[in-house]
Amino acid sequence: MKIAVIGTGYVGLVTGTCLADSGNNVICVDIDRAKVERLNRGEIIIYEPGLNELVERNMSAGRLQFTTDLQAAVQKAKLVFLAVGTPPTDDGSADLSSLWKVVDSVAPFLPADAVVITKSTVPVGTNAAITARLKERTGRNCDVASNPEFLKEGAAIEDFTKPDRVVVGVRRQEVADVLHTLYMPFLRTENPFLVMSPESAEMTKYVANALLSTKISFINEVANLCERMEADIDDVRRGIGHDSRIGFAFLFPGAGYGGSCFPKDVRALSAMARKHGIEPQILDAVHEVNERQKTLLGKRIAAYFKGDLKGRTIAIWGLAFKPKTDDIREAPALVLIDHLLELGATVQVHDPEAMDNVRASYGDRLKYAEQPMDALQNADALAIVTEWGEFRQPDFDQMKQLLKSPVIFDGRNLYNPVQMKAAGFTYHCVGKKAVRPT
Ligand SMILES: NC(=O)c1ccc[n+]([C@@H]2O[C@H](COP(=O)([O-])OP(=O)(O)OC[C@H]3O[C@@H](n4cnc5c(N)ncnc54)[C@H](O)[C@@H]3O)[C@@H](O)[C@H]2O)c1
């Protein structure tokens, strides 16, 4: 099939590349000329495991192209995916300005039999609004499908090519059939292809992200309580997780969730509820608990040093909002960095992939360490914010030698407190009592 993907960010690039890899002809469009030029030089603009090789293979096979020329891409396409960003506005509702710009630019060139497919996460009712807008611009009834994307950054290729399910919202069965054919190569293990109304599909995406965020905020709130009451959150997790009604997924306590999706989608769903006269009490609490959780490490470090961080150096391991990505949007590490800088600390950071993105915002206000151990040089304490694999089993003896004092604030519960105490560390984690060497 001939496919145009408009918006070549995380979702557009992964979608376009995976669809090219299953034999389709894909043209990815972006307004960001520099991004398109880099992609055409074979430079992958984001870090995503496996993406480099896949882009290279499909570009050399001639199935994947990158352009800023929307007209050329759309006029030959049978399927036009919309994958532009839908960031939050001040009141939390989704900003659809990029989407409308794209819809208006696509309309004059859209072939009569083409299907427009929304991959961006958009408020319920957007499919109907796009359909109406295209009718206004083209004079025809155009097919518009909703096809929310559930990929996780860091495992995006795996998620796209082996999805737990594919959700499509359509108004005509024929459109569902076209999309079923498109997704068939990825559904060979019989994972479901779920057809529903566009409104239900749009809602499904928000509900999925809101529920996952709810689980995280819930366990974080309970973890904070465990600390005060001398219970251990890991024991409690084990105690509840074996209950098949509860399970273990997404019930890890930590320094809060970030990324471009959970925070904005929770707020957007709240905004939708409010617009329809429903007070979204749970959703608001999920957001507020998370905002508070992101300040946990900063407050804890400030309290440990009695509020005075002037002349102190704090090392941070992990800047990306989660491992295996370079994405720092809404990352808890940024909240910690701001807090520490405000208190006058020198901050030495390390992340395997996200340092360039952080450098672009913070410049020389931070010290950047190429290796995790380099960040510890002369630091008064280490804070861990992202659970990258390489932080899980470090050389603790070397850490103790490098740190000025062996103090760790672990926002991801990577280590065993009993072992840390025995190894001579003061170790704070989330949801259990801090330990000090005897
Ligand atoms: N990132 C994720 O993990 C993820 C997962 C599922 C769904 N989503 C949703 O997918 C959508 C896209 O997210 P993303 O993370 O890929 O965003 P992104 O910001 O990484 O990418 C958006 C791209 O669209 C381009 N763009 C903006 N206006 C354009 C225009 N007029 N014409 C052409 N290109 C234009 C931008 O230059 C950018 O490259 C959002 O709605 C998001 O909520 C994201």
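How much length would be gained if the chain were fully extended between residue 284 and residue 242, taking 0.36 nm per residue of separation minus their Cα-Cα distance, in nm to one decimal? Kindly include the intermediate steps, with their values, before the conclusion.
Working: separation 42, 0.36 × 42 = 15.12 nm, distance 2.88 nm.
Residue separation times 0.36 nm, minus the Cα-Cα distance, leaves 12.2 nm.
Would you mind checking the pairs 35/119; 322/433; 367/432; 76/101 and listing those with alpha carbons more than 22 angstrom apart? Violating the 22 Å limit, Cα to Cα: 322/433; 367/432. Ellipsoid fit via the Cα gyration tensor, the stretch 35-118: semi-axes of 25, 20, 11 Å, each the root of five times an eigenvalue, largest first. Taking the inverse of the mean 1/r over every pair of distinct Cα atoms in the chain gives a Kirkwood hydrodynamic radius of 23.4 Å.
At a Förster distance of 22 Å, what's the computed FRET efficiency of residue 187 paired with residue 97, Cβ-Cβ distance as r, to 0.05? In this case the efficiency is close to 0.05.
Return the loop-located GluC sites (Glu not before Pro) in the stretch 217-280 (DSSP other than H, G, I, E, B) with at most 10 other Cβ atoms within 10 Å of their own Cβ; answer none if there are none. Answer by residue number: 230. Taking all Cα pairs closer than 8 Å and separated by 6 or more residues, the relative contact order of the stretch 309-438 comes to 23 percent.
Counting every other Cβ atom within 10 Å of each residue's Cβ, 119, 101 order from fewest to most as 101, 119. Take every DSSP beta bridge whose two residues both sit in the stretch 18-138; close to 10 percent of them are antiparallel.
Working from label points 7 Å from Cα in the Cα-to-Cβ sense, the residue 275 to residue 225 distance is 3.4 nm.
Full extension of the chain segment joining residue 397 with residue 438 gains 13.1 nm, where the gain is 0.36 nm per residue of separation less the Cα-Cα distance.
With respect to the chain, whose longest principal axis is taken over its alpha-carbon atoms, helix 126-138 is tilted by about 40°. Ordered by the number of other Cβ atoms lying within 10 Å of each residue's own Cβ, fewest first, 405, 105 fall into the sequence 405, 105.
Ellipticity at 222 nm from helices only: DSSP H runs of n ≥ 4 in the chain, each -39500 (n - 2.57), divided by the residue count, give -13000 deg cm²/dmol.
In degrees from 0 to 90, rounded to the nearest 10, what is the angle of the helix 281-294 Cα long axis to the longest principal axis of the chain? Taking the Cα atoms of the chain, the angle to 281-294 is about 50 degrees. Residue by residue, the stretch 35-51 carries 3J(HN,Hα) couplings of 4, 5, 4, 5, 4, 5, 7, x, 8, 7, 7, 10, 8, 8, x, x, 6 Hz when phi is fed to the Karplus relation 6.51 cos²θ - 1.76 cosθ + 1.60 (θ = phi - 60°); x denotes Gly or Pro.
Readers should treat all values here as calculations from the given coordinates under stated rules, not as data from a laboratory. Predicted, not measured: the structure shown is a model, and the values here were computed from it. Don't worry about glycine lacking a Cβ; one is built from the backbone with ideal geometry, like all the others, and counts go over all protein chains shown.
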